[in-house]
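Below is one structure, written out as structure tokens; comments come after it.
The values are calculated or read from the model by the stated rules, or taken from the named source; none is laboratory data. Keep in mind that this is a model prediction, so the values were computed, not measured. Cβ sites come from the backbone with ideal geometry, for glycine too, and all protein chains shown count toward neighbours.
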Amino acid sequence: MAFYTVMIPPPGSGGPRDEIEQARLLPETFTWAAFIFGGLWLLGRRLWLATLIYGLLWGALFYAGSQFGMTRGALLIAHWTIAIFLGLEGHNLIARKLARQGWRLADVVEARDLAEAERRYFERALAGEAMPPRLPLPPARPQPVGPVPIIGLFPEARGR
């Protein structure tokens, strides 16, 4: 079973039912396409900043390889490291892009495949059982006013 992150569009893009229908489900699994195709996968998903960083990183690696004599083995290890990172974090990059655009986390669904995840999410969302909105954090506790007790070797709270 895999987990799917459900993102819904920003408020004001329609009614509650429209938000449910426009939801995007992102699997929390290894992204083989990102692992194999790397920069092309980033371009295809319109992850411009990640593509720019990917290109700059490869440019820096090739520059270091030519100027400082990096071996082919070191470049190969760098390639596999970047590919594994993209494979592991590919869907998280998409989720962060959507969050920057105002999309909100609506639910996390466990299912065997995408069709079952969509069915489970739609059943929950239409029944009103999706994740409740986050409550605001309670106010911070006030700091003590008097001298603060110090635990350790120094008897007073004075710096040197």
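Descriptive notes on the structure:
- Residue, nearest to the chain's Cα centre (by Cα), within the stretch 89-107, restricted to residues that are among the aliphatic types (A, V, I, L, M) and surrounded by fewer than 16 Cβ atoms within 10 Å (Cβ to Cβ): A99
- Out of A34, A50, A2, one residue alone is within 17 Å of the chain's Cα centre (by Cα), touching a residue at least 12 places away in the same chain (Cβ under 8 Å) and more than 17 Å from R96 (Cα to Cα). It is A2.
- Some residue of the stretch 70-81 being within 20 Å of L126 (Cβ to Cβ), of a type in the set (A, V, I, L, M) and part of a loop (DSSP other than H, G, I, E, B): no
- Selected residue (criterion: surrounded by the most Cβ atoms within 10 Å (Cβ to Cβ)) from residues of the stretch 75-85 that are more than 22 Å from T5 (Cβ to Cβ) and of a type outside the set (G, A, S): I82
- In the stretch 1-39, residue modelled with the lowest pLDDT [restricted to those that are surrounded by fewer than 14 Cβ atoms within 10 Å (Cβ to Cβ) and assigned to a helix (DSSP H, G or I)]: P16
Residue-by-condition table, conditions (1) surrounded by 14 or more Cβ atoms within 10 Å (Cβ to Cβ); (2) at pLDDT below 95; (3) under 30 Å from P9 (Cα atoms):
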site: W41; (1), (2), (3): yes, no, yes
site: G44; (1), (2), (3): no, no, yes
site: I53; (1), (2), (3): no, no, yes
site: F62; (1), (2), (3): no, yes, no
site: G65; (1), (2), (3): yes, yes, no
site: F68; (1), (2), (3): no, yes, no
site: G73; (1), (2), (3): no, yes, no
site: G87; (1), (2), (3): yes, no, yes
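- Top-ranked residue of the stretch 90-129 - restricted to ones that are part of a helix (DSSP H, G or I) and acidic (D, E), ranked as farthest from W48 (Cα to Cα): E123
- Selection count where residues are touching a residue at least 60 places away in the same chain (Cβ under 8 Å) and buried (at least 17 other Cβ atoms within 10 Å of the Cβ), scope the stretch 108-125: 5
- Hey, G55 more than 27 Å from V108 (Cβ to Cβ), in a helix (DSSP H, G or I) and not hydrophobic (A, V, I, L, M, F, W, C) or not: yes
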